[in-house]
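One structure is given here, and the rest of the page talks about it.
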Amino acid sequence: MTAVLALTERVVRSGYRDQDIAFAVLAPILTFVGFTVALRSVIDTGEMSYPQYVLPAVVVQAMLFGALNTTDRAATEHSSAFGARLRTLPISTYAPLLARILYCLLRGVLALVAAIGVAHFFGFRMDGGFGYGLAFAAMSLTLTLALSLGAEATGARAKRVDTSSQLLLIPQLFLVLLSTGMAPVDSFPGWLQPFVQYQPISQITETLRGFASGHVSGPNLAVSLAWCLGLLVALGALAVRTQQRSDEH
Amino acid sequence: MIEVDGISKSFGPMPALRDVSFSVPTGSVCGLLGHNGAGKTTVVKILSTLLVPTAGRAQVAGFDVVEQPAHVRASIGVTGQDAALDPTMTGRENLVLFARLRGMGRRQARLRAAELIAHFDLEYAADRQVSTYSGGMRRRIDIAVSLVVPPKVLFLDEPTTGLDPRSRRDVWALVAALAAQDVTVLLTTQYLEEADVLSDSIVILDAGRVIATGTSEDLKRRMGFSYCQVTPLHPEDLSRVVALVGDYAEVEVDTDGNTVSVPAPHGAATLSEVLRRLDESGVELIDISLRKPSLDEVFLHLTGPTLTV
């Protein structure tokens with residue numbers, strides 16, 4: 001446990017030094033302001049205000065950024081002599097992984113607070129009350145956890161620092177833009193609507209929007225939970241296996 | 001104590017180590033000598049539990065490296081070829097981090113770091129980022145990190161590669177001091193001289209095989225370590241030189257290079273004796289020098305002329 005704590009402190013310090021923590025706070029603020037200013041009079045979200053509509057997409061986007069950062073850190077560490085030295089110490093094989101995951105969660109909390117803070121200023125409200133607010137945070141952080149575990153596995157396998165996260169930047173951008181997180185499904189061309197409607201980011205942002213307003217549809221909640229928990233289990237298993245494998249070769 | 005018993009390691013179809021065996025008694029320094037790619041680092045990785053051998057067994061500080069890796073890890077310090085430090089942190093922060101990873105509390109870790117910084121004369125640099133360090137400073141902090149908890153067995157993988165001569169001597173002094181404290185040290189090197197100066201025993205590795213083991217004295221005797229090389233001014237004097245040193249064993253004549261090589265088991269004493277004889281008979285010289293064989297020459301000597309290409 002001391003080891004996890006010491007390593008987490010190291011990641012936090014390095015996140016502070018390489019400005020990642022600043023980025024974690026600023027990214028959701030800037031994307032939220034950018035989306036809201038540019039799109040609120042263009043996209044018709046019915047009765048709901050655009051800030052209220054788009055916030056979940058901003059949060060999910062921030063969580064994806066956090067995961068990309070974890071990919072870089074994992075890749076750097078797995079290819080460095082520093083990482084090799086950690087494996088010669090009498091500490092758990094999983095301590096470095098846990099430290100990066102904890103950092104990613106901390107980063108997620110900061111991003112969440114920043115996003116909700118700025119959105120509040122633009123009129124976003126957690127109308128559902130405290131319980132729903134908690135559910136909103138829990139689902140966002142579960143998603144972060146799942147994504148950062150996937151990022152761990154990717155980074156550890158890629159071992160190429162500069163390319164691994166850039167490779168992932170494209171699909172994540174693609175998924176966020178082609179989701180109902182930014183605009184309702186009818187604003188997409190008909191042939192794209194089935195994909196947009198059912199892809200995970202749409203489902204999850206819809207649930208988060210539901211948590212914020214206090215009305216969640218049962219089937220949508222089930223789908224989102226299945227995605228979050230399914231990704232958590234699958235990516236978690238992958239990360240653990242990758243870590244074990246890097247122990248042996 | 002290190003016991004290596006018939007270790008082999010293959011990466012896919014490529015054998016990296018073949019049936020490597022040697023042992024290092026407690027408190028002694030063993031030099032693992034070989035070229036790049038001879039398998040030195042692979043041996044260190046196996047002994048420090050980073051790699052699992054394909055075959056064979058090895059014990060470090062009394063623990064099996066495959067069966068009891070946690071015990072091995074608690075007994076060793078490892079300094080690799082590349083500085084295994086976080087370059088974005090200061091030297092002190094690196095030391096504190098590794099002290100805490102070895103289970104010390106914050107305050108204890110800080111005290112230990114300060115102790116090591118003083119011991120390694122790094123006060124002036126301790127609070128600068130490691131990325132600003134020179135190679136020698138980085139290596140010293142790196143070695144200090146592997147000593148946060150005094151290890152029973154210390155692995156130094158090419159500890160002086162890339163260092164300037166002064167830093168190299170600093171590292172040598174450090175290793176000598178550690179050996180005096182009953183730490184068992186396995187160091188790898190490409191430099192014969194380094195293995196000679198630092199090691200109680202030497203293991204020579206070539207293409208994944210052990211081709212010689214022994215004390216540095218043993219190997220010197222077997223290889224005629226240094227030799228005295230004479231270059232007469234007039235090539236026709238070569239035969240006179242040979243006649244004058246005829247009583248030495250294994251004198252070699254190189255007519256192309258216009259040199260005579262005389263094995264010099266007594267070093268400078270042999271040189272001055274040869275010089276005296278040549279001087280007395282009035283042979284004029286361009287050059288006379290004492291030379292140590294290069295690692296290549298040692299290998300050639302050990303692997304025999306069949307391997308010369």
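Values for this structure:
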read-out: Dimensions (Å) - the stretch B:31-111, Cα atoms, principal axes, largest first; value: 43, 29, 20
read-out: For B:77-88, mean number of other protein chain Cβ atoms within 10 Å; value: 4
read-out: Distribution of pairwise C-alpha distances over the stretch A:174-249, 10 Å bins, in %; value: 19, 36, 25, 14, 6, 0
read-out: Check: chain A dipole with +1 on Lys, Arg Cβ and -1 on Asp, Glu Cβ, in debye; value: 680
read-out: Pairwise label distance in nanometres, residue B:213 with residue A:26, each label 7 Å out on the Cα-Cβ vector; value: 5.9
read-out: 10 Å binning of all Cα-Cα separations within the stretch A:20-149, expressed as whole percents from 0 upward; value: 13, 37, 28, 14, 7, 2
read-out: Over the protein assembly as shown: helical MRE at 222 nm, DSSP H runs n ≥ 4 each giving -39500 (n - 2.57), nearest 500; value: -18000 deg cm²/dmol
read-out: Per-q log10 I(q)/I(0), the stretch A:120-249, q = 0.09, 0.12, 0.20, 0.23 Å⁻¹ (Debye; single scatterer per alpha-carbon; no solvent); value: -0.33, -0.57, -1.19, -1.33
read-out: Length added when fully stretched, residue B:240-residue B:180, from 0.36 nm per residue minus Cα-Cα; value: 16.7 nm
read-out: Degrees separating the helix B:268-280 axis from the principal Cα axis of chain B, which is the longest one; value: 20
read-out: Furthest towards positive pole of dipole, B:301, B:24, B:65, structure part chain B, Cβ charges; value: B:65
read-out: 15 Å beta-carbon shell around residue B:234, net charge (K/R +1, D/E -1); value: -3
read-out: Rg to Rh quotient for chain B, alpha carbon positions, Kirkwood Rh; value: 1.07
read-out: Length-normalised contact order of chain B in % [C-alpha pairs under 8 Å, at least 6 apart]; value: 20
read-out: Spatially close lysines, pair count over the protein assembly as shown: Cα under 28 Å, gap of eight or more or interchain; value: 11
read-out: Degrees between helix A:95-121 axis and first principal axis of chain A (Cα, 0 to 90, nearest 10); value: 20
read-out: Net charge dipole size for chain B [Lys, Arg +1 and Asp, Glu -1 on Cβ; Debye, nearest 20]; value: 1780
read-out: Residue B:259 long-range amide H proximity, modeled H, under 5 Å; value: B:254
read-out: The stretch B:56-96 - Kirkwood radius from inverse mean 1/r over Cα pairs (Å); value: 12.3
read-out: C-alpha center-to-center spacing [the stretch A:1-65, the stretch A:95-156] in angstrom; value: 9
read-out: Candidates B:188, B:231, B:79: whichever shows maximal mean-square fluctuation once chain B is modelled as a Gaussian network with Cα springs under 10 Å; value: B:231
read-out: Size-normalised alpha-carbon gyration radius of the protein assembly as shown, reference 2.2 N^0.38 Å; value: 1.33
read-out: Förster-model FRET efficiency, 35 Å R0, residue B:284 and residue B:164, C-beta, rounded to 0.05; value: 0.40
read-out: Student exercise, the stretch A:1-129 dipole from Lys, Arg, Asp, Glu Cβ charges, in Debye to nearest 20; value: 500
read-out: Prolate/oblate/rounded label for chain A (Cα gyration tensor, a/c 1.5); value: prolate
read-out: Förster radius 60 Å - calculated FRET efficiency between residue A:33 and residue A:245 (Cβ-Cβ, nearest 0.05); value: 0.90
read-out: Square roots of five times the Cα gyration tensor eigenvalues for the stretch B:108-264, Å; value: 44, 19, 12
read-out: Helix A:161-177 axis, angle to chain A major axis (alpha carbon atoms, nearest 10°); value: 20
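FYI, it's all coordinate maths here, none of it is from the lab. Small disclaimer: the values here were computed from a predicted structure and weren't measured. FYI the Cβ positions are ideal-geometry reconstructions off the backbone, even for glycines, and counts take in every protein chain you see.
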